[in-house]
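Report on one structure; see the data block that follows.
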Amino acid sequence: MIKFITFEGGEGAGKSTQIQLLKEHIAATTGEQVVLTREPGGTQEGERIRELMLNVQAYTTWDPLAELLLINAARRQHLTRLVVPALNEGAWVLCDRFIDSTLVYQGMLKGINPQIIRELHETTCFNLMPSLTFYIDVDPKMGIDRILRRSQQIDHEENIYDKAKMSVHEKIRDSYVKVAQATPKRIMQIDGAQNLNDVAKDIRAHFKKVCDN
Ligand code: T5A
């Protein structure tokens with residue numbers, strides 16, 4: 001299903017910025033409805049789970065498997081209440097983070113067997129996969145630097161990962177690169193170190209290529 005598109009990347013990669021730009025591009029070029037959403041979250045219930053999971057105290061208290069179950073609860077709610085109905089109505093759905101985040105953060109970073117993540121996705125989330133994923137790749141130092149600059153400019157809620165050590169961010173990046181390389185048909189790696197407009201241009205070019213095929 002070509003209309004389900006996800007964005008992935010480490011902290012400060014530029015996902016939220018680029019997903020908004022692609023939303024505007026798709027709405028302007030197709031005239032169709034585009035739903036922009038995020039994970040964890042996307043529904044009232046899911047946003048409450050996001051808060052439980054990502055507040056600064058949460059990192060040390062959640063057992064990794066318990067955290068995975070929370071994410072899956074939020075995801076199922078998100079899929080059944082928002083994503084699947086929107087797709088069934090013919091809308092585009094653009095989601096900021098999805099299953100690849102789980103494979104990277106709960107799988108490769110926190111050590112949960114990826115098979116468990118996949119089986120849970122299959123049994124609780126219809127095994128729904130995006131048709132296209134943009135992985136925005138940046139050096140973690142650049143990503144964290146952007147977040148620090150943003151926090152000086154605007155009041156933006158920091159999450160537990162924003163405060164993690166650089167070695168954690170390096171591991172997140174290595175894991176994303178592995179996931180992207182293992183899934184080249186679906187995941188397009190984009191150079192996020194470029195300026196905003198050039199990143200957006202690369203994303204639109206690849207989007208057009210996929211739509212034309
Ligand atoms: N999580 C999530 C899990 O552990 N498991 C899961 O299954 C899921 C789904 C969610 C957290 O949840 C975890 C992983 C995550 O840590 P989040 O808020 O979605 O957190 O993720 P963040 O990466 O922390 O979001 P950020 O908003 O911090 O980063 P973005 O969205 O990648 O970056 P963006 O677009 O907000 O940009 C950050 C700043 O950089 C500037 C922007 O203007 C902004 O100020 N910027 C650029 N500056 C220069 N050049 C560019 N090309 C720029 N692009 C953006």
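Tell me, what is the percent relative contact order of the chain, built from C-alpha pairs under 8 Å that lie six or more residues apart?
Dividing the mean separation by the residue count of the chain yields 33 percent.
If neighbour count is taken as other Cβ atoms inside 10 Å, put Trp92, Trp62 in order from fewest to most. Don't jump to the answer; show the numbers that get you there.
Values: Trp92 20, Trp62 16.
Sorted ascending by nearby Cβ count, the order is Trp62, Trp92.
With no solvent and one point on each alpha carbon, what is the Debye value of log10 I(q)/I(0) for the stretch 1-84 at q = 0.17, 0.19, 0.22, 0.26 Å⁻¹?
-0.81, -0.96, -1.15, -1.30
Determine the shape class of the stretch 161-213: with a ≥ b ≥ c the square roots of the Cα gyration tensor eigenvalues, call it rounded for a/c under 1.5, and otherwise prolate if a/b is greater than b/c, oblate otherwise.
Verdict is oblate for the stretch 161-213.
Give me the net charge of Leu196's neighbourhood, meaning all other residues with Cβ under 12 Å from the Cβ of Leu196; Lys, Arg count +1, Asp, Glu -1.
On the way: positive: Arg146, Lys201; negative: Asp198, Asp202.
Its environment carries a net charge of 0.
Roughly speaking, what is the centre-to-centre gap between the stretch 116-130 and the stretch 58-101 when only Cα atoms are used, to the nearest Å?
Spelled out, the Cα-based centre of one part sits 11 Å from the other.
Mind giving me the nanometre distance, one decimal, between the label points for Asp198 and Leu52, set 7 Å out from Cα along Cα→Cβ?
Here the modelled spin labels are 4.4 nm apart.
Take the Cα atoms of the stretch 1-48, find their three principal axes, and give me the spread along each one in whole Å, biggest first.
Projected onto its principal axes, the Cα set of the stretch 1-48 covers 33, 25, 19 Å.
Principal axis extents for the stretch 25-132, Cα atoms only, whole Å, descending order, please.
45, 28, 22
For a 22 Å ceiling on Cα separation, which of these pairs sit above it: Lys178/Lys201; Lys171/Lys201; Lys178/Lys208; Lys141/Lys209; Lys23/Lys110; Lys3/Lys201?
Those over the limit are Lys178/Lys201; Lys171/Lys201; Lys178/Lys208; Lys141/Lys209; Lys23/Lys110.
Using 7 Å Cα-to-Cβ label points, what is the Ser131/Gln33 separation (nm, one decimal)?
Between Ser131 and Gln33, the label points sit 1.7 nm apart.
When the Cα atoms of the chain are enclosed in a convex hull and the volume is divided per residue, what value in Å³ results?
Output value, Cα hull per residue: 122 Å³.
Laboratory data are not the source of any read-out in this text; all were calculated from the coordinates shown. None of the values given here were measured: they were computed from a predicted structure. Note that we place each Cβ from the backbone using ideal geometry, even for glycine, and neighbour counts take in every protein chain shown.
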